[in-house]
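A quick write-up on the structure given underneath.
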Amino acid sequence: MKVTRKGFIASVGPALVAAVALPSSRVFADALIPRTGTGAAGFAEHVGSSFELTRADGTRAAIVLRDVVARESHPGTEQFSLMFTTSHGAVPPQGTYAMRHAALGSLAMFLAPLGGARSNGLRADFNRLKA
């Protein structure tokens, strides 16, 4: 599908107007952040559980949420990292992946490998607005 300039502006225009008119609104935050309750705390409830990761070629792999690490942040934001381990040993390359969790549903995450070539870990970083 080819997107024209006019079509693009028509599709994102209302969101941009809302963001400018209501800068304290959560217009973009609600659209981009998975519904996990209270951010880091919402994910922390699922430490030890499995997420299904879908690669670009359509293959799927299970990864396990190993830890949620809170980071120092500005008073209006919450920063945290999710640490995952792969059960199969092969770590996919850095990129955005479709993820599925039994309780959290479908979401997309940008994952980066941890450590060297022998590491079986992945990390996702979040910087979200507080409600």
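Couple of notes before you dig in:
- Once the Cα-Cα distance is subtracted from the 0.36 nm per residue extended length, the R55 to A98 segment shows a gain of 14.7 nm.
- Evaluating 6.51 cos²θ - 1.76 cosθ + 1.60 at θ = phi - 60° for every residue in the stretch 39-56, the Karplus couplings come out as x, 4, 5, x, 6, 4, 5, 10, 4, x, 8, 9, 10, 9, 9, 10, 7, 4 Hz, glycine and proline recorded as x.
- Contact order relative to length of the stretch 35-129, as percent, for alpha carbon pairs under 8 angstrom and 6 or more apart: 26 percent
- Placed amide H near R71: partners under 5 Å, 5+ positions off or other chain: Q79, F80, S81
- Annotation for A62 and S106: the two label points, set 7 Å from Cα along the Cα-Cβ direction, are 2.2 nm apart.
- In Å, descending, principal axis extents of the Cα set of the stretch 78-131: 39, 23, 16
- Taking all Cα-Cα distances within the stretch 40-131, those exceeding 18 Å account for 43%.
- Under 11 Å, Cβ to Cβ, from M83 - net charge with Lys/Arg +1 and Asp/Glu -1: 0
- In order along the stretch 58-63, the Karplus-derived 3J(HN,Hα) couplings, from 6.51 cos²θ - 1.76 cosθ + 1.60 at θ = phi - 60°, round to x, 6, 10, 9, 8, 10 Hz, and Gly and Pro are given as x.
- Phi-based couplings in Hz for the stretch 70-76 (Karplus 6.51, -1.76, 1.60; Gly and Pro marked x): 6, 10, 5, 9, 5, x, x
- Remark: the N127-E72 segment gains 18.8 nm on full extension, using 0.36 nm per residue and subtracting the alpha carbon distance.
- Charge context of N127, other residues only, Cβ under 9 angstrom, K/R +1, D/E -1: 0
- Take the Cβ atoms of T85 and A41, set R0 to 25 Å, and the FRET efficiency comes out at 0.75.
Coordinate-derived values only; no laboratory data. All figures in this text were calculated on a predicted structure; none of them were measured in a lab. Here Cβ is always computed from backbone atoms with ideal geometry, including for glycine, and neighbour counts include all displayed protein chains.
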